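Trainee: There's a structure below that I have some questions on.
The values are calculated or read from the model by the stated rules, or taken from the named source; none is laboratory data. These figures come from a predicted structure and were not determined experimentally. Here Cβ is always computed from backbone atoms with ideal geometry, including for glycine, and neighbour counts include all displayed protein chains.
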Amino acid sequence: MHSDITFRISWSFLLLFICFALNLGAEDVKCYTCHEKERISEQNAIHIKEGVACVDCHGGNPESADRTNAHGGSFSGKIQRQNIPALCGSCHSDVRKMNPYGIPTDQQNQYLSSKHGEALSQGKTDVAVCVDCHGAHGILKVGNPGSPVYPKNIPGTCGKCHSDAERMKKHELPASAEGLYRQSVHAELLLKKDDLSAPTCVTCHGNHGAIPPGFSEISHVCGKCHIRQQELFAESPHAAAAEEGIFESCVTCHTNHKILTTTNDIFKQCTDCHEENDAAMNKRDEIFSLIHASDTSYQKSKIRLDSLARFGFHTDDEQLLLEEAKTSLLQLPPVQHTLNLQNVQKVVTSVDASLNDLNQRMDQIQRIERLKKIALIPIGLFLIGMSVLFWAKRKEIEKESGGEHE
């Protein structure tokens, strides 16, 4: 009897300790006496920290630790996939609940209008629902690197489904999106250079309202980031073709997921629409020649200036001229979107002007250096002559000193 009482007291203290350690309510501790895996995953979860208990999602009787009683009434164990958006939306669509956190309340409606939501409403339960992206238990804030929807994790999160060839085949979609994205300049910025502002899947497709950009919306999607390029593209003959529906704007040249940036890769796309040696291709080659020549001149000048700096020359003013040339050079990739030779030539002229000034200054530095070296010749000869005279005088003195000793 005594040992039984002691056991009960010890068990009560253990429950209280867990309660205080996790900052949970008594009803949650009763769930966790059986659901150890969920207890562990919820330790750092945002929902539990904000007082959302197990029963808020699963229902049941929070007052009982007995399984039959706890799972009675409104209890729902594993939530059916088709019911998950409405369950999450019961809080996330409530302005009063979301307002303190600054969380938008249109996420459920966005989801229902998305390709995922439309497919779910058609009875296709293998499409993504809230828990596939955010997790079911242990949900973390978006800014937490451990969250599946943290920017650097998004390609992998979307790829769980969109790289599954069998699943994508059912929906008549390619399973290559994630693999292609990881080869793009966007992925390089995000994954290798830790630029969290770089585009991910959701930047272009949306997150809750995920939908592929339509034929006419692509330039606007890209233009959210590439504002200048979009403005200049509007001046090009490609813009008119896009309005007519015969040109897919940015993705025709850059592709969609594996974003191309190098000129050689982009040029391969031209022959999809143009014949070799037609007027458009000749203009392309002229533009490329100007850009290539300008970039080559810049690189040569930079190497030359770096060499002078390594040899200890003061080159602060020259570095400013090099930066001016670089600033103009960086305008060439956007300006070429106009496909206007005169616009490109204008920028190239600005680059060349800065580089000409720079090279003239470097020529002056090297001229002065040569003059200094030439000036050292008579000084060196003078020092050698003086050394010879001193040596001869010393020998003479030594000879005279030797004669006196004799």
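Trainee: Among the residues of the range 49-65, write down those that are part of a helix (DSSP H, G or I) and closer than 15 Å to Tyr101 by Cβ.
Mentor: The one that is part of a helix (DSSP H, G or I) and closer than 15 Å to Tyr101 by Cβ: Lys49.
Trainee: Of the residues that sit in the range 352-382 and are touching a helix residue (DSSP H, G or I) at 6+ places or on another chain (Cβ under 9 Å) and of a type in the set (Gly, Ala, Ser), which one is surrounded by the fewest Cβ atoms within 10 Å (Cβ to Cβ)?
Mentor: Ala353
Trainee: I need the full set of residues from the range 252-275 which are surrounded by 13 or more Cβ atoms within 10 Å (Cβ to Cβ), part of a helix (DSSP H, G or I) and either among the hydrophobic types (A, V, I, L, M, F, W, C) or over 23 Å from the mean Cα position of the chain (by Cα) (or both), in order please.
Mentor: Cys253, Ile266, Phe267, Gln269, Cys270
Trainee: Further question: Counting only residues that are over 17 Å from Arg81 (Cα atoms) and among the aliphatic types (A, V, I, L, M), which one in the range 97-138 is surrounded by the fewest Cβ atoms within 10 Å (Cβ to Cβ)?
Mentor: This residue is Ile103.
Listed here are the residues, each with its yes/no results for (1) basic (Lys, Arg); (2) at pLDDT below 90; (3) under 26 Å from Asp306 (Cβ atoms).
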{"site": "Leu330", "(1), (2), (3)": "no, no, yes"}
{"site": "Leu341", "(1), (2), (3)": "no, no, no"}
{"site": "Val351", "(1), (2), (3)": "no, no, yes"}
{"site": "Leu381", "(1), (2), (3)": "no, yes, no"}
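Trainee: Which condition breaks for Asp132 when tested against (1) closer than 17 Å to Gly209 by Cβ; (2) in contact with a Leu (Cβ under 9 Å, 6 or more places away or on another chain); (3) touching a residue at least 12 places away in the same chain (Cβ under 8 Å)?
Mentor: Only one criterion is unmet by Asp132, namely (2).
Trainee: Whether any residue in the range 160-183 is among the hydroxyl-bearing types (Ser, Thr, Tyr), under 23 Å from His257 (Cβ atoms) and touching a His at 6+ places or on another chain (Cβ under 8 Å) is what I want to check.
Mentor: Taking every residue of the range 160-183 in turn, at least one turns out to be among the hydroxyl-bearing types (Ser, Thr, Tyr), under 23 Å from His257 (Cβ atoms) and touching a His at 6+ places or on another chain (Cβ under 8 Å).
Trainee: So which of Gly143, Gly156 ends up being closer than 17 Å to Ala210 by Cα and without any contact (Cβ under 8 Å) to a residue 40 or more places away in the chain?
Mentor: None of the other options fit; the residue is Gly156.
Trainee: Take the conditions surrounded by 17 or more Cβ atoms within 10 Å (Cβ to Cβ), under 30 Å from Arg228 (Cα atoms) and without any contact (Cβ under 8 Å) to a residue 40 or more places away in the chain and apply them to Leu339. Does it pass?
Mentor: Here the answer is no, as Leu339 does not meet what is asked.
Trainee: Further, regarding this structure: Every residue in the range 276-316 that is among the acidic types (Asp, Glu) and surrounded by fewer than 10 Cβ atoms within 10 Å (Cβ to Cβ), please.
Mentor: Selection gives Glu276, Asp316.
Trainee: Across the range 234-257, which residue is nearest to Ala177 (Cα to Cα) among those that are free of Cβ contacts under 8 Å to residues at least 60 places away in the same chain and among the acidic types (Asp, Glu)?
Mentor: Only one residue fits best here, namely Glu248.
Trainee: Can you name every residue in the range 47-65 that is loosely packed, with under 13 Cβ neighbours inside 10 Å and either more than 46 Å from the chain's Cα centre (by Cα) or basic (Lys, Arg) (or both)?
Mentor: Once the filter is applied, which keeps residues that are loosely packed, with under 13 Cβ neighbours inside 10 Å and either more than 46 Å from the chain's Cα centre (by Cα) or basic (Lys, Arg) (or both), the range 47-65 yields only Glu63.
Trainee: Please return the ranges of helices (runs of 4 or more DSSP H) entirely within the range 77-152 where 3 or more residues are over 23 Å from Ile40 (Cα atoms).
Mentor: The qualifying helices (runs of 4 or more DSSP H) are 84-92, 95-98, 107-113, 115-121.
Trainee: Follow-up. Just wondering, is there one or more residues in the range 10-22 that are at pLDDT 90 or above and out of contact with any strand residue (DSSP E or B) (no Cβ under 6 Å at 6 or more places or on another chain)?
Mentor: No - not one qualifying residue is present in the range 10-22.
Trainee: To continue, here is another question. Quick one: how many residues across the range 71-93 are surrounded by fewer than 13 Cβ atoms within 10 Å (Cβ to Cβ) and in contact with a Gly (Cβ under 6 Å, 6 or more places away or on another chain)?
Mentor: Residues in the range 71-93 being surrounded by fewer than 13 Cβ atoms within 10 Å (Cβ to Cβ) and in contact with a Gly (Cβ under 6 Å, 6 or more places away or on another chain): 1 in total.
Trainee: Go through (1) among the β-branched types (Val, Ile, Thr); (2) in a helix (DSSP H, G or I); (3) within 35 Å of the chain's Cα centre (by Cα); (4) surrounded by fewer than 19 Cβ atoms within 10 Å (Cβ to Cβ) one by one and return the number of the condition Thr68 breaks.
Mentor: Looking at each condition in turn, Thr68 falls short on (3).
Results for (1) of a type in the set (Phe, Trp, Tyr); (2) within 49 Å of the chain's Cα centre (by Cα); (3) within 30 Å of Glu235 (Cα to Cα), shown as yes or no for each residue.
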{"residue": "Tyr298", "(1), (2), (3)": "yes, yes, yes"}
{"residue": "Asp352", "(1), (2), (3)": "no, yes, yes"}
{"residue": "Arg361", "(1), (2), (3)": "no, yes, no"}
{"residue": "Gln364", "(1), (2), (3)": "no, yes, no"}
{"residue": "Lys399", "(1), (2), (3)": "no, no, no"}
